[in-house]
Amino acid sequence: MASSWNLPNLLSLSRVFLAPLVMVFLSVRGLGTFEIKTAGLDITANIGDIIAGIVFIAASITDAVDGYFARKRGMVTSLGKFIDPLADKILVVAALITLVELRRLPAWIVVIIVSREFIVSGVRMVAAVDGVVISASRGGKAKTVSQIIAIAMMILGVPYAMPVMWVAMLLTVWSGMDYLIKGRDYFR
């Protein structure tokens, strides 16, 4: 069995510690702005937002990297099965709450996204009591990728971030329904 303190688990834990940095840099004002004006593109971003965006994207990339190493190198552990999805949720929820605080995102969208996470976690816990593991579905993975893209766009002030967030929210609801359908037998 692999050691709990392996590279994949350390990468997952890094997301937990990077989440507050995203929140801090998103909240920082007064560092100046960065402007891009070229070929019809006109973006002005706060330096704190750019740093938060870079940290968020880097933390998000660790999710793919830790999964790759865990599977390819046989480093899957009980700690990893616990910390990986938890770290994802902490990073995403931290960014979403900060975006609500900054009035860039309506709170009701965050409530829908967070509610789905509670529901899916509940279905997984009920199934686990019966010794059944409900793995991440393709819909769940699509939901995660779309949320990361939408959040990064909102942090960086990229045009059309809100329509992308709508797509992420719809994928969130759709994948949540998929988990409910898969787990319906455990509620009988």
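Here, each number is a calculation from the coordinates, and none is a lab measurement. These figures come from a predicted structure and were not determined experimentally. Cβ placement follows ideal geometry from the backbone for every residue including glycine, while neighbour counts extend to all protein chains displayed.
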A58 versus M125, label points 7 Å from Cα toward the beta carbon: distance in nm? 3.4 nm
Could you please state, rounded to a whole Å, how far the C-alpha centre of the stretch 166-183 is from the C-alpha centre of the stretch 8-77? 25 Å
Where does each of 23-32, 170-179 land if you order them by average Cβ count within 10 Å, highest first? 170-179, 23-32
Among F118, L102, A161, which residue has its Cα positioned farthest towards the positive end of the charge dipole of the stretch 7-187, with +1 placed on the Cβ of Lys and Arg, -1 on the Cβ of Asp and Glu, and the dipole taken about the Cα centre? F118
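For the chain, what does the relative contact order come out to in percent, with C-alpha contacts under 8 Å and a separation of six or more? Write down the numbers at each step before the final one.
On the way: 220 pairs, mean separation 47.2, N = 188.
So the answer I get is 25 percent.
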Using the Cα centre as the reference, give the magnitude of the dipole from point charges on the C-beta atoms of the chain (Lys, Arg: +1; Asp, Glu: -1; all else neutral), rounded to the nearest 20 debye. 400 debye
Using per-residue counts of other Cβ atoms within 10 Å, averaged over each peptide, order 77-85, 105-113, 151-159, 123-131 from highest down. 151-159, 77-85, 105-113, 123-131
